[in-house]
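What follows is a set of notes on a single structure, which appears directly below.
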Amino acid sequence: LGYNLLTGTIPNNIGNFASLQGLFLENNRLVGTIPKVLYRGSGIGANPLPLVQLFLQGNMLSGTLPSGLAQLPNLKELYVDGNKLTGTIAPAICNKGLNEVFVNDEAEHDLCDNVVCPANSISFEGVAPCTRCEEDGSDFRRYLGQRDKECRPKLSEVEILDLFFDHTHGEEWLDQRYFWEAGSPACQRPGIECSDSGKVTSIRLPSLGLRGPLMSELGFLSELHSLDLSDNFITGFVPSEFRFVDKLIDFDIKGNELQGGIPVLLCITEGINSNGVGPKGTNFDLLYSCDNIACARGTYSDFGHAIVPTEEDADGSQCVPCYDDEAQFYIGRDSCT
């Protein structure tokens with residue numbers, strides 16, 4: 001099933017395939033975490049799957065690399081590079097001698113590198129040989145298995161905004177009063193607000209004809225608390241990097257052309273659109289919900305996302321089914337025809 005533009009998460013019912021020896025989901029658009037059923041199986045008393053080959057590279061999976069994968073007794077090949085996995089690699093996985101057939105590197109190196117390069121390193125294919133980078137606080141190298149030819153330096157907020165302007169075709173924005181001169185101070189740009197210390201806290205660019213992908217680099221604006229990109233033509237997927245912005249409260253992406261699902265780790269991040277914030281007794285499924293970030297495909301609300309109840313026994317505002325063409329394709333719809 002590799003190279004098929006598959007979206008969503010890896011389903012838990014994959015654990016029902018008790019004879020599964022090869023799972024090839026590489027180079028799709030899958031989000032979420034690596035499910036435990038791969039090494040636990042499904043049901044009480046289930047055994048680990050007899051997987052020999054597990055190819056998950058080139059997706060948008062997040063979370064950590066589960067140490068439980070070492071429990072797969074027959075596993076010979078495991079590829080997870082090119083995702084958004086953080087943390088370290090469990091020694092039990094490294095010591096299984098994985099990927100020896102395909103990793104062609106005669107130099108001595110950590111056995112873990114055969115599985116995936118560690119954080120703060122790069123490799124052309126995300127596995128050995130891995131090049132360690134200097135510690136410079138770069139947010140872009142926090143992931144395992146980074147594919148790159150060189151250790152790129154940390155970007156400043158000005159550089160991130162310049163990239164965003166270019167990626168969203170800023171020269172074609174509908175209101176030229178919002179034109180951003182490359183390299184100009186971040187806090188002097190229309191649509192940008194900053195803290196007293198000069199950090200970007202708010203980006204408000206609704207209905208300006210922005211088009212292009214929602215850049216993951218925006219998730220490295222550490223003081224950002226409000227992002228309004230509503231009613232534009234932004235495409236692609238919601239990056240999981242927004243979970244790193246501790247102060248993000250208002251996140252408005254309604255009325256765009258975003259696809260796929262909301263990254264699971266973003267759905268359990270407290271504070272975004274009041275996600276996880278509600279009165280005592282609030283239904284947990286309403287309190288922490290991907291719908292609080294953006295309505296899923298095939299649903300809509302007036303706000304483009306659900307509203308967490310503010311009082312006990314209240315329902316708030318939920319995403320409801322919609323069957324028009326745009327709602328079937330895109331997330332974050334705020335109307336239904």
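The values are calculated or read from the model by the stated rules, or taken from the named source; none is laboratory data. Every value quoted in this text rests on a predicted model; they were computed, and no experiment measured them. When we count neighbours, we look across all protein chains shown, and the Cβ atoms used for this are built from the backbone with ideal geometry, even at glycine. Side chains included, ligands, DNA and RNA excluded: accessible areas come from the protein's heavy atoms. Shrake-Rupley method; radii C 1.70, N 1.55, O 1.52, S 1.80 Å.
Residue 235 passes every criterion in (1) farther than 24 Å from residue 8 by Cβ; (2) surrounded by fewer than 17 Cβ atoms within 10 Å (Cβ to Cβ) apart from (1). Checked against (1) surrounded by fewer than 22 Cβ atoms within 10 Å (Cβ to Cβ); (2) under 18 Å from the mean Cα position of the chain (by Cα); (3) closer than 23 Å to residue 5 by Cα; (4) in contact (Cβ under 8 Å) with a residue 40 or more places away in the chain, residue 255 passes all but a single condition, namely (2).
The one condition from (1) open to solvent by less than 20 Å² (accessible area, probe 1.4 Å); (2) out of contact with any Pro (no Cβ under 6 Å at 6 or more places or on another chain) that residue 52 does not meet is (1). On the stretch given as region 161-171, residues that are touching a residue at least 12 places away in the same chain (Cβ under 8 Å) and either closer than 30 Å to residue 88 by Cα or surrounded by fewer than 19 Cβ atoms within 10 Å (Cβ to Cβ) (or both) total 3. On inspection, residue 32 qualifies as touching a helix residue (DSSP H, G or I) at 6+ places or on another chain (Cβ under 7 Å) and open to solvent by less than 50 Å² (accessible area, probe 1.4 Å). The residue that is most open to solvent (accessible area, probe 1.4 Å), counting only those in region 293-337 that are β-branched (Val, Ile, Thr) and in contact with a Gly (Cβ under 9 Å, 6 or more places away or on another chain), is 310. Within region 14-24, is even one residue under 26 Å from the mean Cα position of the chain (by Cα) and part of a helix (DSSP H, G or I)? Yes, there is a match, as at least one residue in region 14-24 is under 26 Å from the mean Cα position of the chain (by Cα) and part of a helix (DSSP H, G or I).
When each of 4, 59, 27 is tested for being surrounded by 19 or more Cβ atoms within 10 Å (Cβ to Cβ) and closer than 27 Å to residue 123 by Cα, the lone residue that passes is 59.
Within the set 213, 206, the sole residue that is touching a helix residue (DSSP H, G or I) at 6+ places or on another chain (Cβ under 7 Å), of a type outside the set (Asp, Glu), over 16 Å from residue 244 (Cβ atoms) and surrounded by fewer than 15 Cβ atoms within 10 Å (Cβ to Cβ) turns out to be 213. Scanning region 146-160 for residues that are in contact with a strand residue (DSSP E or B) (Cβ under 7 Å, 6 or more places away or on another chain) and buried (at least 17 other Cβ atoms within 10 Å of the Cβ), which turns out modelled with the lowest pLDDT? The selected residue is 151. Within region 263-279, is there a residue that is closer than 19 Å to residue 204 by Cα and in contact with a Gly (Cβ under 7 Å, 6 or more places away or on another chain)? The answer is no; no qualifying residue exists. Residues that are within 20 Å of residue 248 (Cα to Cα), outside any loop (DSSP other than H, G, I, E, B) and open to solvent by 10 Å² or more (accessible area, probe 1.4 Å) within region 187-203 comprise 187, 192, 193, 194, 201, listed in sequence order. Candidates are the residues of region 186-221 that are over 25 Å from residue 259 (Cα atoms) and among the hydroxyl-bearing types (Ser, Thr, Tyr); the one that is farthest from the chain's Cα centre (by Cα) is 197. Remark: pairs (first residue in region 184-207, under 18 Å from residue 170 (Cα atoms) and touching a residue at least 60 places away in the same chain (Cβ under 8 Å); second residue of a type in the set (Lys, Arg) and open to solvent by 20 Å² or more (accessible area, probe 1.4 Å); Cβ separation under 6 Å; 6+ apart in sequence or on different chains) are absent. Among the residues making up region 130-145, those that are at pLDDT 90 or above, open to solvent by less than 80 Å² (accessible area, probe 1.4 Å) and of a type outside the set (S, T, N, Q) are 130, 133, 143, 144, 145. Within the option set 266, 224, 248, being buried (at least 21 other Cβ atoms within 10 Å of the Cβ) and closer than 16 Å to residue 31 by Cα holds for one residue only, 266. Specify the residue that is farthest from residue 120 (Cα to Cα); the eligible residues are those in region 70-95 that are of a type in the set (Ser, Thr, Tyr) and not in a loop (DSSP other than H, G, I, E, B). Once the filter is applied, the top-ranked residue is 79.
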